[in-house]
Amino acid sequence: DQQVKQNSPSLSVQEGRISILNCDYTNSMFDYFLWYKKYPAEGPTFLISISSIKDKNEDGRFTVFLNKSAKHLSLHIVPSQPGDSAVYFCAVEGMRFGAGTRLTVKP
Amino acid sequence: DTAVSQTPKYLVTQMGNDKSIKCEQNLGHDTMYWYKQDSKKFLKIMFSYNNKELIINETVPNRFSPKSPDKAHLNLHINSLELGDSAVYFCASSRYRGEKLFFGSGTQLSVL
(Lines give C-alpha, C1' and ligand atoms only; values in the text may rest on other atoms or scores of the structure.)
Protein backbone atom coordinates (compact mmCIF):
# COMPACT_ATOMS: atom_id res chain seq x y z
CA ASP A 1 0.00 0.00 0.00
CA GLN A 2 2.25 2.69 -1.28
CA GLN A 3 0.94 5.99 -0.05
CA VAL A 4 3.67 7.89 -1.80
CA LYS A 5 5.08 7.03 -5.21
CA GLN A 6 8.13 8.13 -7.09
CA ASN A 7 7.66 6.62 -10.51
CA SER A 8 11.05 7.52 -11.97
CA PRO A 9 13.77 5.30 -10.53
CA SER A 10 16.49 7.40 -12.13
CA LEU A 11 17.18 10.73 -13.75
CA SER A 12 20.28 11.99 -15.51
CA VAL A 13 20.91 15.68 -16.21
CA GLN A 14 23.79 17.83 -17.37
CA GLU A 15 25.56 20.09 -14.90
CA GLY A 16 24.01 23.54 -14.84
CA ARG A 17 20.61 22.35 -16.08
CA ILE A 18 17.44 21.90 -14.08
CA SER A 19 16.63 18.63 -12.32
CA ILE A 20 12.97 17.89 -11.69
CA LEU A 21 12.05 15.02 -9.41
CA ASN A 22 8.42 14.01 -9.01
CA CYS A 23 6.33 12.45 -6.30
CA ASP A 24 2.65 11.47 -6.11
CA TYR A 25 0.65 10.70 -3.01
CA THR A 26 -2.67 9.03 -2.43
CA ASN A 27 -4.24 10.69 0.59
CA SER A 28 -5.53 14.24 0.32
CA MET A 29 -5.40 14.53 4.11
CA PHE A 30 -1.59 14.59 4.09
CA ASP A 31 -0.51 18.06 5.09
CA TYR A 32 3.27 18.04 5.31
CA PHE A 33 5.73 16.78 2.74
CA LEU A 34 9.48 16.38 2.93
CA TRP A 35 12.35 15.63 0.61
CA TYR A 36 15.46 13.80 1.69
CA LYS A 37 18.74 13.22 -0.05
CA LYS A 38 20.80 10.07 0.41
CA TYR A 39 24.40 9.39 -0.50
CA PRO A 40 25.74 5.80 -0.61
CA ALA A 41 26.62 4.32 2.77
CA GLU A 42 25.00 7.22 4.62
CA GLY A 43 21.60 7.82 6.13
CA PRO A 44 19.13 10.12 4.37
CA THR A 45 19.40 13.81 5.23
CA PHE A 46 16.57 16.30 5.23
CA LEU A 47 16.57 18.66 2.28
CA ILE A 48 13.40 20.73 2.13
CA SER A 49 9.76 20.54 3.17
CA ILE A 50 6.42 22.07 2.33
CA SER A 51 3.18 22.45 4.20
CA SER A 52 -0.15 21.98 2.48
CA ILE A 53 -1.03 25.63 3.09
CA LYS A 54 1.66 26.59 0.57
CA ASP A 55 2.20 25.68 -3.03
CA LYS A 56 5.89 26.53 -3.19
CA ASN A 57 8.88 26.58 -0.89
CA GLU A 58 12.37 27.69 -1.86
CA ASP A 59 15.74 27.14 -0.26
CA GLY A 60 18.64 28.27 -2.38
CA ARG A 61 18.90 26.08 -5.45
CA PHE A 62 16.08 23.82 -4.23
CA THR A 63 12.38 24.53 -4.73
CA VAL A 64 9.51 22.24 -3.90
CA PHE A 65 6.14 22.70 -5.60
CA LEU A 66 2.91 21.25 -4.31
CA ASN A 67 -0.19 20.66 -6.43
CA LYS A 68 -2.86 19.57 -3.98
CA SER A 69 -5.57 18.94 -6.54
CA ALA A 70 -3.29 16.56 -8.42
CA LYS A 71 -1.77 15.16 -5.21
CA HIS A 72 1.62 15.78 -6.70
CA LEU A 73 4.80 17.42 -5.58
CA SER A 74 8.03 18.09 -7.35
CA LEU A 75 11.54 19.08 -6.39
CA HIS A 76 13.43 21.42 -8.68
CA ILE A 77 17.17 21.80 -8.46
CA VAL A 78 18.62 24.75 -10.37
CA PRO A 79 21.38 24.77 -11.38
CA SER A 80 22.22 21.10 -10.89
CA GLN A 81 25.72 20.30 -9.69
CA PRO A 82 27.66 17.02 -9.73
CA GLY A 83 27.54 16.98 -5.91
CA ASP A 84 23.74 16.74 -6.16
CA SER A 85 24.13 13.19 -7.49
CA ALA A 86 22.32 11.09 -4.90
CA VAL A 87 19.04 9.29 -4.29
CA TYR A 88 16.15 11.60 -3.47
CA PHE A 89 13.19 10.44 -1.41
CA CYS A 90 9.93 12.20 -0.83
CA ALA A 91 8.09 11.48 2.41
CA VAL A 92 4.62 12.00 3.85
CA GLU A 93 3.31 11.85 7.40
CA GLY A 94 6.84 12.68 8.41
CA MET A 95 7.95 9.10 7.99
CA ARG A 96 6.54 7.23 4.95
CA PHE A 97 8.93 7.26 2.05
CA GLY A 98 8.65 6.85 -1.68
CA ALA A 99 10.91 4.43 -3.51
CA GLY A 100 13.43 7.14 -4.34
CA THR A 101 14.84 8.58 -7.55
CA ARG A 102 18.53 8.29 -8.30
CA LEU A 103 19.77 11.59 -9.72
CA THR A 104 23.00 11.69 -11.68
CA VAL A 105 24.39 15.08 -12.62
CA LYS A 106 27.01 14.81 -15.34
CA PRO A 107 29.85 17.35 -15.53
CA ASP B 1 29.57 14.11 18.28
CA THR B 2 27.20 12.40 15.87
CA ALA B 3 23.55 13.34 16.35
CA VAL B 4 22.15 9.85 15.73
CA SER B 5 24.61 7.01 16.12
CA GLN B 6 23.98 3.34 15.61
CA THR B 7 26.22 0.35 16.17
CA PRO B 8 27.48 -1.80 14.72
CA LYS B 9 27.95 -0.47 11.20
CA TYR B 10 28.30 -3.97 9.79
CA LEU B 11 26.87 -7.21 11.13
CA VAL B 12 27.51 -10.59 9.52
CA THR B 13 25.88 -13.58 11.13
CA GLN B 14 24.48 -17.04 10.54
CA MET B 15 20.84 -17.94 10.09
CA GLY B 16 19.13 -18.72 13.36
CA ASN B 17 21.29 -16.42 15.46
CA ASP B 18 20.02 -13.57 17.64
CA LYS B 19 21.52 -10.12 17.23
CA SER B 20 21.00 -6.55 18.43
CA ILE B 21 21.54 -3.14 16.89
CA LYS B 22 21.89 -0.15 19.17
CA CYS B 23 20.84 3.43 18.50
CA GLU B 24 21.38 6.61 20.45
CA GLN B 25 20.44 10.22 19.71
CA ASN B 26 21.81 13.28 21.46
CA LEU B 27 19.34 15.75 19.95
CA GLY B 28 16.84 15.66 22.79
CA HIS B 29 14.17 14.35 20.42
CA ASP B 30 11.04 12.67 21.68
CA THR B 31 10.46 10.27 18.80
CA MET B 32 12.69 7.52 17.43
CA TYR B 33 12.27 5.10 14.54
CA TRP B 34 13.66 1.99 12.92
CA TYR B 35 13.66 1.64 9.16
CA LYS B 36 14.62 -1.24 6.88
CA GLN B 37 16.08 -0.61 3.45
CA ASP B 38 15.85 -3.81 1.46
CA SER B 39 17.64 -4.90 -1.68
CA LYS B 40 15.19 -2.89 -3.81
CA LYS B 41 16.17 0.18 -1.82
CA PHE B 42 12.71 0.80 -0.37
CA LEU B 43 12.95 2.63 2.93
CA LYS B 44 10.24 1.05 5.03
CA ILE B 45 9.30 2.08 8.53
CA MET B 46 9.29 -0.74 11.07
CA PHE B 47 8.72 0.87 14.47
CA SER B 48 8.34 4.23 16.09
CA TYR B 49 8.64 5.14 19.75
CA ASN B 50 7.55 8.35 21.40
CA ASN B 51 9.02 8.99 24.81
CA LYS B 52 9.79 5.29 25.30
CA GLU B 53 6.32 4.19 24.21
CA LEU B 54 5.67 2.18 21.08
CA ILE B 55 3.40 4.15 18.76
CA ILE B 56 3.93 2.43 15.42
CA ASN B 57 4.47 -1.23 14.65
CA GLU B 58 4.26 -1.89 10.95
CA THR B 59 3.44 -5.57 10.47
CA VAL B 60 6.94 -6.59 11.39
CA PRO B 61 7.52 -10.26 12.37
CA ASN B 62 7.58 -10.64 16.12
CA ARG B 63 11.14 -11.91 15.84
CA PHE B 64 11.95 -8.19 15.79
CA SER B 65 11.65 -6.54 19.18
CA PRO B 66 12.49 -2.90 19.75
CA LYS B 67 13.45 -1.72 23.22
CA SER B 68 13.62 1.86 24.41
CA PRO B 69 15.27 2.13 27.84
CA ASP B 70 14.99 5.93 27.70
CA LYS B 71 13.97 8.46 25.09
CA ALA B 72 17.54 8.83 23.81
CA HIS B 73 17.95 5.13 23.00
CA LEU B 74 16.10 2.71 20.76
CA ASN B 75 17.61 -0.71 20.28
CA LEU B 76 16.50 -3.41 17.88
CA HIS B 77 16.78 -7.06 18.80
CA ILE B 78 16.26 -9.72 16.16
CA ASN B 79 15.70 -13.37 17.06
CA SER B 80 16.20 -16.40 14.83
CA LEU B 81 17.66 -14.45 11.96
CA GLU B 82 16.57 -15.41 8.45
CA LEU B 83 18.15 -14.82 5.05
CA GLY B 84 15.42 -12.30 4.22
CA ASP B 85 16.46 -10.14 7.15
CA SER B 86 19.56 -9.11 5.23
CA ALA B 87 19.20 -5.38 4.66
CA VAL B 88 20.40 -2.01 5.86
CA TYR B 89 18.69 -0.91 9.03
CA PHE B 90 18.45 2.79 9.82
CA CYS B 91 17.66 4.42 13.08
CA ALA B 92 16.17 7.93 13.04
CA SER B 93 14.79 10.51 15.43
CA SER B 94 12.59 13.58 15.23
CA ARG B 95 11.60 16.32 17.62
CA TYR B 96 8.07 14.97 17.54
CA ARG B 97 6.04 12.75 15.25
CA GLY B 98 5.63 14.24 11.79
CA GLU B 99 8.69 16.46 11.99
CA LYS B 100 11.79 16.01 9.85
CA LEU B 101 13.91 12.97 10.62
CA PHE B 102 17.57 12.75 11.50
CA PHE B 103 19.06 9.43 10.46
CA GLY B 104 21.95 7.34 11.64
CA SER B 105 24.41 6.05 9.07
CA GLY B 106 22.87 2.58 8.93
CA THR B 107 23.74 -0.98 9.91
CA GLN B 108 24.39 -3.40 7.07
CA LEU B 109 23.09 -6.78 8.25
CA SER B 110 24.10 -9.85 6.27
CA VAL B 111 22.59 -13.18 7.21
CA LEU B 112 24.44 -16.17 5.76
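The values are calculated or read from the model by the stated rules, or taken from the named source; none is laboratory data. Keep in mind it's a predicted model, so treat the numbers as computed, not measured. Using ideal geometry, Cβ is built from the backbone for each residue, glycine included, and neighbour counts are taken over all protein chains shown. Just the protein is used for accessible areas: all its heavy atoms, side chains included, with ligands, DNA and RNA removed. Shrake-Rupley method; radii C 1.70, N 1.55, O 1.52, S 1.80 Å.
What to note about this one:
- Average Cα contact separation per residue, chain B, under 8 Å, 6 or more apart, as relative contact order %: 37
- Label zone at residue B:80, where the point sits 7 Å out along the Cα-to-Cβ direction: the range B:25-62 residues whose backbone N lies under 12 Å: B:61-62
- Average other protein chain Cβ within 10 Å of Cβ, residues B:88-94: 2
- Accessible area buried, both sides summed, chains B and A with 1.4 Å probe, Å²: 1400
- Shielding by partners for peptide B:39-46, expressed as the average number of C-beta atoms from other protein chains within 10 Å of each residue's C-beta, is 5.
- Mean sequence separation of contacting Cα pairs (under 8 Å, at least six apart), scaled by the length of chain A, corresponds to a relative contact order of 38 percent.
- Neighbouring partner chain Cβ atoms per residue of A:95-106, average, 10 Å criterion: 3
- Peptides B:48-58, A:72-82 ranked from most to least packed, by the mean per-residue count of other Cβ atoms within 10 Å: A:72-82, B:48-58.
- Approximate spin-label separation residue B:108-residue A:51, in nm, with each point projected 7 Å along Cα-to-Cβ: 4.1
- Chain A: translational diffusion in µm²/s, Stokes-Einstein, Kirkwood Rh over Cα pairs, 25 °C, 0.890 mPa s: 179
- Here the Gaussian network model covers chain A, with springs between Cα atoms less than 10 Å apart; of A:41, A:91, A:70, A:41 fluctuates the most.
- Here the range B:61-112 is treated with +1 on each Lys and Arg Cβ and -1 on each Asp and Glu Cβ, and its dipole about the Cα centre works out to around 260 debye.
- Unit charges on C-beta of K, R, D, E only; dipole of the range B:1-97, Debye: 160
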